[in-house]
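Colleague: This is the structure, below, for whatever I ask next.
The values are calculated or read from the model by the stated rules, or taken from the named source; none is laboratory data. Treat the numbers as computed from the prediction; the structure is a model and nothing was measured. Every residue, glycine among them, receives a Cβ derived from its backbone with ideal geometry; neighbour counts consider all protein chains shown.
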Amino acid sequence: MKLGFLTACLRGLALEEIVPWAAENGFQALELACWPMKNERDYSASTLDVTNMTAARAEDVKALFAQHGMEISCLTYCDNNLAPDSEVRQHHLDHLKKVIDAANLLGVKNVSTFIGRDPRLTEAENVEEAIKVFTPIVDYAAERDVRIAIENCPMPGWQFEGLAGNIAYSPKLWDALFERFPADCFGLNFDPSHLWWLGIDPIKAVRDYADRIFHVHAKDTELLTENTYRIGVLLGRGWWRYRMPGLGEIPWARLISTLNEVGYDYVLSTEHEDPVWEGSHEKVKQGLILGRRFLSQFVI
């Protein structure tokens, strides 16, 4: 396996600055944040401008990565692809296609996104809507030799308090989606941190969905027991927080061993959302280094 990180945590830094820093600090891959250049989403960035991507720009990007012995593991753009406003939804889907086109130009196999949710619909209706919306997206990607890797964050409270905002967060929902899409082009950007606070065993999930794991996020979860006592778990927020790998409760040795066992030999991409290691680019970088040092003991 190789170690990398999602560049969303370094919002505002240019790709030409991030790549050499990552290489100098022991990373071998980057998951590039590809949100629109004008974007207000938290934990997002426009490290790669896919709107203005050309064949010439793609060659420059590939040369930059080759110069530093790095690779691009995934292009990531997560937004609500089932947004109830048809114009907003179409904007998201149009941008997702641009990310897919950029992946094709760069020779990148994976594009990661959310399913999202239409809060007006039931969960079952959202699954059917997702199948309708994503069938042409998956076909579009497959024609360009790109796979869609769904990030499994439930996004609690994204549209309404107490409601999961992304209907791809559990094995039950994965099964409903995977029944309709082929395993070679529709799978997971597998993030164990969400499963941990949901009470879903991430190690069993690795075993059960090995053929659908295209990419892996390395992010830990710390359960805040005092907060659980005060507010309970109903709303899905406030009683846990994300941490750098090794600073939470996920059994990384067993998880990575299981990934090896089922044949996953690609990238562990740190998704930095640790509030303790935020506040400046320098502190974010320190957090990334801390996570890499921890993960490196399990990776050859």
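Colleague: For region 22-44, give me each residue that is assigned to a loop (DSSP other than H, G, I, E, B), closer than 23 Å to residue 153 by Cβ and in contact (Cβ under 8 Å) with a residue 24 or more places away in the chain.
Modeller: Selection gives 27, 35, 36, 41, 43, 44.
Colleague: Let me ask another. Look at residue 141 and say whether it is touching a helix residue (DSSP H, G or I) at 6+ places or on another chain (Cβ under 6 Å) and outside any loop (DSSP other than H, G, I, E, B). Spell out how you get there, then give the answer.
Modeller: On the way: touching a helix residue (DSSP H, G or I) at 6+ places or on another chain (Cβ under 6 Å): yes; outside any loop (DSSP other than H, G, I, E, B): yes.
Spelling it out, residue 141 is indeed touching a helix residue (DSSP H, G or I) at 6+ places or on another chain (Cβ under 6 Å) and outside any loop (DSSP other than H, G, I, E, B).
Colleague: Scan (1) modelled with pLDDT of 95 or more; (2) of a type outside the set (Asp, Glu); (3) farther than 26 Å from residue 249 by Cβ; (4) surrounded by fewer than 17 Cβ atoms within 10 Å (Cβ to Cβ) for the single condition residue 130 breaks and write down its number.
Modeller: With (1) modelled with pLDDT of 95 or more; (2) of a type outside the set (Asp, Glu); (3) farther than 26 Å from residue 249 by Cβ; (4) surrounded by fewer than 17 Cβ atoms within 10 Å (Cβ to Cβ) applied to residue 130, the lone miss is (4).
Colleague: As an exercise: evaluate residue 17 against (1) more than 20 Å from residue 112 (Cα to Cα); (2) of a type outside the set (Ser, Thr, Tyr); (3) in contact (Cβ under 8 Å) with a residue 60 or more places away in the chain and give the number of the one condition it does not meet.
Modeller: (3)
Colleague: Let me ask something additional. Kindly indicate which of 272, 281 is crowded, with 20+ Cβ neighbours inside 10 Å and in contact (Cβ under 8 Å) with a residue 24 or more places away in the chain. Before the answer, list the steps.
Modeller: Working: 281 fails: crowded, with 20+ Cβ neighbours inside 10 Å.
Of the residues listed, the single one that is crowded, with 20+ Cβ neighbours inside 10 Å and in contact (Cβ under 8 Å) with a residue 24 or more places away in the chain is 272.
Colleague: In the set 145, 191, 201, which member is within 17 Å of the chain's Cα centre (by Cα), among the acidic types (Asp, Glu) and at pLDDT 95 or above?
Modeller: Working: 145 fails: within 17 Å of the chain's Cα centre (by Cα); 201 fails: within 17 Å of the chain's Cα centre (by Cα).
Sole residue among the options that is within 17 Å of the chain's Cα centre (by Cα), among the acidic types (Asp, Glu) and at pLDDT 95 or above: 191.
Colleague: Residues of region 133-163 being more than 15 Å from residue 98 (Cα to Cα), among the small types (Gly, Ala, Ser) and in contact with a strand residue (DSSP E or B) (Cβ under 6 Å, 6 or more places away or on another chain), which ones?
Modeller: Passing the criteria: only 149.
Colleague: Hey, which of the strands (runs of 3 or more DSSP E) in region 172-231, taking only ones fully inside, have at least 3 residues that are surrounded by 19 or more Cβ atoms within 10 Å (Cβ to Cβ) and not hydroxyl-bearing (Ser, Thr, Tyr)? Lay out the reasoning, then the answer.
Modeller: Values: elements: 186-190, 213-218, 220-223.
Answer list for region 172-231: 186-190, 213-218.
Colleague: May I ask you to verify whether residue 33 is among the aliphatic types (A, V, I, L, M) and under 14 Å from the mean Cα position of the chain (by Cα)? Don't jump to the end; show me each part of the working.
Modeller: Details: among the aliphatic types (A, V, I, L, M): yes; under 14 Å from the mean Cα position of the chain (by Cα): yes.
Criteria met by residue 33.
Colleague: Still on this structure, please answer the following. Within the group 16, 24, 59, 71, which residue is farther than 23 Å from residue 166 by Cα, touching a helix residue (DSSP H, G or I) at 6+ places or on another chain (Cβ under 8 Å), of a type in the set (Asp, Glu) and loosely packed, with under 14 Cβ neighbours inside 10 Å? First the steps, then the outcome.
Modeller: On the way: 24 fails: touching a helix residue (DSSP H, G or I) at 6+ places or on another chain (Cβ under 8 Å); 59 fails: touching a helix residue (DSSP H, G or I) at 6+ places or on another chain (Cβ under 8 Å); 71 fails: loosely packed, with under 14 Cβ neighbours inside 10 Å.
One residue alone meets the criteria, 16.
Colleague: So, in region 155-169, of the ones that are farther than 15 Å from residue 130 by Cα and not in a strand (DSSP E or B), which residue ends up nearest to the chain's Cα centre (by Cα)? Talk me through it step by step, then tell me what you get.
Modeller: Let us first name the residues in region 155-169 that are farther than 15 Å from residue 130 by Cα, namely 155-163.
With not in a strand (DSSP E or B) added as a condition, the list becomes 155, 157-163.
Numbers: 155: 12, 157: 18, 158: 16, 159: 19, 160: 22, 161: 23, 162: 22, 163: 20 Å.
Per the stated criteria, the residue is 155.
Colleague: Could you say which residue among 2, 38 is surrounded by fewer than 23 Cβ atoms within 10 Å (Cβ to Cβ), basic (Lys, Arg) and more than 18 Å from residue 110 (Cα to Cα)? Give the derivation first.
Modeller: Values: 2 fails: more than 18 Å from residue 110 (Cα to Cα).
So the residue among 2, 38 that is surrounded by fewer than 23 Cβ atoms within 10 Å (Cβ to Cβ), basic (Lys, Arg) and more than 18 Å from residue 110 (Cα to Cα) is 38.
Colleague: May I pose another question? Are any residues in region 248-265 in a loop (DSSP other than H, G, I, E, B) and surrounded by fewer than 19 Cβ atoms within 10 Å (Cβ to Cβ), and if so, which ones?
Modeller: Step one: list which residues in region 248-265 are in a loop (DSSP other than H, G, I, E, B), which gives 248-251, 262-265.
Result: 249, 251, 262, 263, 265.
Colleague: Right, next: Taking region 64-109 as the search range and keeping residues that are over 21 Å from residue 37 (Cβ atoms) and in a strand (DSSP E or B), which one is farthest from the chain's Cα centre (by Cα)?
Modeller: 71
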